[in-house]
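Notes to accompany the following structure.
Coordinate-derived values only; no laboratory data. Keep in mind that this is a model prediction, so the values were computed, not measured. Neighbour counts run over all protein chains shown; Cβ positions are idealised from the backbone, glycine included.
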């Protein structure tokens, strides 16, 4: 999801939306880093097949949870560190995404 661009004129709820989005992104990046450390297949997932990628990710999450239930804790030696401060661009043709983001923002 694309955050609102901050050109110094964001509304309070838009700033709150961006902050919540940023917190969620950090959690997701850390989660994928942990999963990629335990299940190396995630480093090679074909993102062109969304259905297959989702199936592999869900399977890795289930296996990870089974490991935790069996007290098989993973100590990652190398956590995936994806981009954290990447600039997200709003493309003009993405009206549907912009409308969805605005609807989510209005819940703040």
Subset of the range 2-12 [over 14 Å from residue 108 (Cβ atoms) and either part of a helix (DSSP H, G or I) or touching a residue at least 40 places away in the same chain (Cβ under 8 Å) (or both)]: 2, 5
Looking at the range 13-59, which of its residues are under 16 Å from residue 106 (Cα atoms) and in contact (Cβ under 8 Å) with a residue 24 or more places away in the chain? 13, 14, 16, 17, 20
Qualifying residues in the range 32-65 (those that are surrounded by fewer than 12 Cβ atoms within 10 Å (Cβ to Cβ) and not in a helix (DSSP H, G or I)) - the one nearest to the chain's Cα centre (by Cα): 47
